[in-house]
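The values are calculated or read from the model by the stated rules, or taken from the named source; none is laboratory data. Everything numeric in this text was worked out from a predicted model, so none of it was measured. Neighbour counts run over all protein chains shown; Cβ positions are idealised from the backbone, glycine included. SASA here: full protein model, heavy atoms, side chains in, ligands and nucleic acids out. Shrake-Rupley method; radii C 1.70, N 1.55, O 1.52, S 1.80 Å.
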Amino acid sequence: MEQAIRAGRVAVDGQVVTTLGVRVDPELQQVQLDGKRIEPAPRPATVIALHKPPHVLTTTRDPQGRPTVLHLLPKALRRERLYPVGRLDFASEGLVLMTNDGELAFQLMHPRFGHEREYLVTVRGPEPPDLARRLRQGVDIGDRRPARTRRAARVGRDWQLVLTEGRKRQVRRMFEAVGMRVTRLVRVRIGSVVLGDLATGAARELEAAEVKELRQAVARAADSQRTGEPRQTL
């Protein structure tokens, strides 16, 4: 390639380049070799697991200047154009996935694919004796249809909930509907990805095997949608 550049065979945005070491952004500038455009090699999808602290927005920018999940990423990852997969409300904490793969993000977020999200919830207030059953069967939170959990169980002093949909502030609204108040909410799993011992505010890139498992689950859910078979959630 150095010989091709010296020979004047390389052009950037229509201008022939003969100097070595010229920096270009292949996503914004057009590079040609012998008059033919060179397309940048497709980047493999990046998927990040992030432990969001409370009072951080699950978005990439905020007009009011409040901290967002993007601010928690190392500078090198901020350049990857990563976007959060779904939302985790401002006061809540725990696992957030971020990716530059739009199709993967869409299929993980959409409730029709039935991917599980698991939460540990600390609550206050008088507890109804049949609370687990009510959460599973569905409670009225003011939407067109009741909100329900796939699983609801006591874990020590907290509640463990598994949902396959993500309406706005759904967990908090479900407990409010039965007369209780959430004091802490931690998301500990999305599909097959678990929060584990990832420190608060820290991020890690998913390994290839983890991304493959996510993709396989997405593919199974999409196939079930097409065939009408019962979907297998993660």
> If you take the residues of the range 24-34 that are of a type outside the set (A, V, I, L, M) and without any contact (Cβ under 8 Å) to a residue 24 or more places away in the chain, which of them is most open to solvent (accessible area, probe 1.4 Å)?
Replying inline: GLU27
> From the residues in the range 77-131 that are open to solvent by less than 50 Å² (accessible area, probe 1.4 Å), more than 20 Å from THR183 (Cα to Cα) and assigned to a helix (DSSP H, G or I), which one is modelled with the lowest pLDDT?
Replying inline: PHE113
>> Please count how many residues of the range 189-198 are of a type in the set (Val, Ile, Thr) and surrounded by 15 or more Cβ atoms within 10 Å (Cβ to Cβ).
In response: 2
> Got a sec? Which strands (runs of 3 or more DSSP E) wholly within the range 154-226 have at least 3 residues that are under 30 Å from PRO129 (Cα atoms)?
Replying inline: 158-163, 181-190
> Right, ARG136: in a strand (DSSP E or B) and either on the phi > 0 side of the Ramachandran plot or touching a strand residue (DSSP E or B) at 6+ places or on another chain (Cβ under 9 Å) (or both) or not?
Replying inline: no
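Rundown of residues vs (1) open to solvent by less than 20 Å² (accessible area, probe 1.4 Å); (2) under 15 Å from ARG117 (Cβ atoms), yes/no style:
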site	(1), (2)
PHE175	yes, no
LEU185	yes, yes
THR200	no, no
ALA203	no, no
GLU207	no, no
LYS212	no, no
ALA219	no, no
> Of everything in the range 49-64 that's open to solvent by less than 60 Å² (accessible area, probe 1.4 Å) and assigned to a loop (DSSP other than H, G, I, E, B), which residue is farthest from ARG189 (Cα to Cα)?
Replying inline: ASP62
> Across the range 1-23, what is the total count of residues that are surrounded by 13 or more Cβ atoms within 10 Å (Cβ to Cβ), among the aliphatic types (A, V, I, L, M) and part of a loop (DSSP other than H, G, I, E, B)?
Replying inline: 1
> Among ASP89, ASP158, which is the only one that is of a type outside the set (A, V, I, L, M), without any contact (Cβ under 8 Å) to a residue 40 or more places away in the chain and farther than 26 Å from LEU28 by Cα?
Replying inline: ASP158
>> Exactly one condition in (1) under 12 Å from the mean Cα position of the chain (by Cα); (2) of a type outside the set (A, V, I, L, M); (3) within 25 Å of ARG173 (Cα to Cα) is false for THR68; which is it?
In response: (1)
>> It is to be established whether one or more residues within the range 66-76 are at pLDDT 90 or above, assigned to a loop (DSSP other than H, G, I, E, B) and of a type in the set (Ser, Thr, Tyr).
In response: no
>> Restricting to the range 132-164, give me the number of residues that are open to solvent by 30 Å² or more (accessible area, probe 1.4 Å) and out of contact with any Pro (no Cβ under 7 Å at 6 or more places or on another chain).
In response: 18
> Is there any pair with a first residue in the range 171-189 that is within 12 Å of VAL139 (Cα to Cα) and a second that is basic (Lys, Arg) and not in a loop (DSSP other than H, G, I, E, B) whose Cβ atoms are under 8 Å apart and which are 6 or more apart or on different chains, and what are they?
Replying inline: PHE175/ARG181; VAL178/ARG134
